[in-house]
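The values are calculated or read from the model by the stated rules, or taken from the named source; none is laboratory data. Remember, predicted model here, so these are calculated numbers, not experimental data. Because the Cβ atoms are built from the backbone with ideal geometry, glycine has one as well, and the counts that use them run over all protein chains shown. The protein model used for the area step is the full one, side chains on, heavy atoms only, and it has no ligands, DNA or RNA in it. Shrake-Rupley method; radii C 1.70, N 1.55, O 1.52, S 1.80 Å.
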Amino acid sequence: MAALRGEVPIGAVVVKDGAIIAAAGNRTREFNDPTAHAEVLAIRAACRRANSERLPNHDLYVTLEPCPICAGTISAARIARLYYGAADPKSGGTLHGARVFSHPQCHHIPEIYDGINAAESEALLKSFFASKR
């Protein structure tokens, strides 16, 4: 859906006890907001639904390795588990790049599961960017 809006096709869902609590796609261009990443928007919606700034026992699934902004938000929200598809060696913030969770200042580190449907996620992203070139 994000790609149909002209956004980088990244989607995120927050799950608790097997149920989707919130879902979002990138909306940085639509909202003219550099923080309107799929993860941030999904976490904001889940926090509103939980009536809390923290989401313990919640999982986050996302298409691409979260960037440093999103990794910081994941930590602040106390997300229990992070699952993502494609790695992002260029702009990632979890297992690549800034590695936000490995800093001593990081107050919470989720369990991380990478490579979930990685080939499909990579194909989606590559196709999107190929259509822009």
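Does any residue of the stretch 48-64 turn out to be open to solvent by less than 30 Å² (accessible area, probe 1.4 Å), in a loop (DSSP other than H, G, I, E, B), at pLDDT 95 or above and within 22 Å of GLN105 (Cβ to Cβ)?
There is at least one residue in the stretch 48-64 that is open to solvent by less than 30 Å² (accessible area, probe 1.4 Å), in a loop (DSSP other than H, G, I, E, B), at pLDDT 95 or above and within 22 Å of GLN105 (Cβ to Cβ).
Of (1) open to solvent by 70 Å² or more (accessible area, probe 1.4 Å); (2) out of contact with any His (no Cβ under 9 Å at 6 or more places or on another chain); (3) modelled with pLDDT of 95 or more; (4) over 15 Å from THR94 (Cα atoms), ARG5 satisfies all except one. Which?
(3)
Just to be sure before I move on: is ARG44 part of a helix (DSSP H, G or I), open to solvent by 30 Å² or more (accessible area, probe 1.4 Å), more than 19 Å from ASN26 (Cβ to Cβ) and of a type outside the set (Val, Ile, Thr) in the structure I sent?
Working: part of a helix (DSSP H, G or I): yes; open to solvent by 30 Å² or more (accessible area, probe 1.4 Å): yes; more than 19 Å from ASN26 (Cβ to Cβ): no; of a type outside the set (Val, Ile, Thr): yes.
It is false that ARG44 is part of a helix (DSSP H, G or I), open to solvent by 30 Å² or more (accessible area, probe 1.4 Å), more than 19 Å from ASN26 (Cβ to Cβ) and of a type outside the set (Val, Ile, Thr).
Out of ILE69, ILE74, ILE116, which single residue is closer than 21 Å to ALA22 by Cβ, part of a helix (DSSP H, G or I) and open to solvent by 60 Å² or more (accessible area, probe 1.4 Å)?
Working: ILE74 fails: open to solvent by 60 Å² or more (accessible area, probe 1.4 Å); ILE116 fails: part of a helix (DSSP H, G or I).
From the options ILE69, ILE74, ILE116, the qualifying one is ILE69.
Among all residue pairs at least 6 apart or on different chains, which show Cβ distances below 6 Å where the first residue, located in the stretch 122-133, is modelled with pLDDT of 90 or more and the second is of a type in the set (A, V, I, L, M) and not in a helix (DSSP H, G or I)?
Pairs found: GLU122/ALA86.
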